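K.L.:
I'd like to ask some things about the structure below.
Nothing in this text is a laboratory measurement; each read-out follows from the coordinates by a stated rule. These numbers come from a predicted model, not from an experiment. Because the Cβ atoms are built from the backbone with ideal geometry, glycine has one as well, and the counts that use them run over all protein chains shown.
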Amino acid sequence: QVQLVESGGGVVQPGGSLRLFCAASGFTFSSFGMHWVRQAPGKGLEWVATISYDGSNKYYVDSVKGRFTISRDNSKNMLYLQMNSLRAEDTAVFYCAKDKGGGVVGATNNFVFESWGQGSLVTVSS
Amino acid sequence: EIVMTQSPAALSVSPGERAALSCRASLTVNSNLAWYQQKPGQTPRLLIYGAFIRATGIPARFSGSGSGTEFTLSISSLQSEDSAVYYCQQYNDWPLTFGGGTKVEIK
């Protein structure tokens, strides 16, 4: 079955950097769009970034544009999130999520978060 | 940005009763609407997509309806394991946005 395992979280000072990893298995990784979704402590869900199945298209929420970069390596079944210039308000559990489709604009029911990992906690604090 | 508003924020229902959770979009999202369930301490789980299509393995007591700007998640014959926070999410336009959630408590 689908398995998504995040890693790379931890405590970082404001202005610092961190790279999150998501190891995927149980499905044909190169056929599906992938996402990062975060949840601040005690708060709701917030979409962060999306990458299409082939990595050709990337989308970000405005609050992370220019600071975060989503990428993937289909040869390794890995998803990444490079986070720079971290702020206190970035503190959250970051979930890796598999799309129901290829993550292609205009395709039916793409950009639905079909499967989720267990999450990786990122704490930005001095 | 399309703002998703869920109501009520919380509700308490007796086992066996029915619950109706509302989700309203600030602009039309057509039928590009999904519902997720998040139990305490757990990861979110996809329940419904396409406004009314149940995801794989989701019990038939969960049903979705609506289109455009008004959507409802109905849970018939509530069970103790349905205690959770339920989120709606639109995927009609960028940025992808979630509602604030409805917390369902089983009495």
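K.L.:
Considering the range A:77-124 alone, what residues qualify as being buried (at least 18 other Cβ atoms within 10 Å of the Cβ), facing another protein chain (nearest Cβ under 8 Å) and farther than 18 Å from A:Ala23 by Cα?
P.N.:
A:Asn110, A:Phe111, A:Val112
K.L.:
So which strands (runs of 3 or more DSSP E) are wholly in the range A:1-72 and hold at least 1 residues that are away from chain B (no Cβ under 14 Å) and in contact (Cβ under 8 Å) with a residue 40 or more places away in the chain? Reasoning before the result, please.
P.N.:
Details: elements: A:3-7, A:10-12, A:18-25, A:34-39, A:45-51, A:58-60.
Passing ranges, in order: A:3-7, A:10-12, A:18-25.
K.L.:
Still on this structure, I have one more. Can you work out which of the residues in the range B:30-57 that are in a strand (DSSP E or B) and of a type in the set (D, E, K, R) is nearest to the other protein chains (Cβ to nearest Cβ)?
P.N.:
Among residues in the range B:30-57 that are in a strand (DSSP E or B) and of a type in the set (D, E, K, R), the one nearest to the other protein chains (Cβ to nearest Cβ) is B:Arg45.
K.L.:
Could you check, for the range B:81-96, whether at least one of its residues is without any contact (Cβ under 8 Å) to a residue 40 or more places away in the chain, outside any loop (DSSP other than H, G, I, E, B), in contact with a strand residue (DSSP E or B) (Cβ under 8 Å, 6 or more places away or on another chain) and of a type in the set (Val, Ile, Thr)?
P.N.:
Checked the range B:81-96: no residue is without any contact (Cβ under 8 Å) to a residue 40 or more places away in the chain, outside any loop (DSSP other than H, G, I, E, B), in contact with a strand residue (DSSP E or B) (Cβ under 8 Å, 6 or more places away or on another chain) and of a type in the set (Val, Ile, Thr).
K.L.:
If you don't mind, there's one more thing I want to ask. Quick test of your reading of the structure: B:Ser74 fulfils all but one of (1) over 10 Å from the mean Cα position of the chain (by Cα); (2) not in a loop (DSSP other than H, G, I, E, B). Name the failing condition by number.
P.N.:
Failed condition: (1).
K.L.:
Every residue in the range A:77-102 that is closer than 17 Å to A:Tyr53 by Cβ and more than 13 Å from the chain's Cα centre (by Cα), please.
P.N.:
Those that are closer than 17 Å to A:Tyr53 by Cβ and more than 13 Å from the chain's Cα centre (by Cα): A:Asn77, A:Lys100, A:Gly101, A:Gly102.
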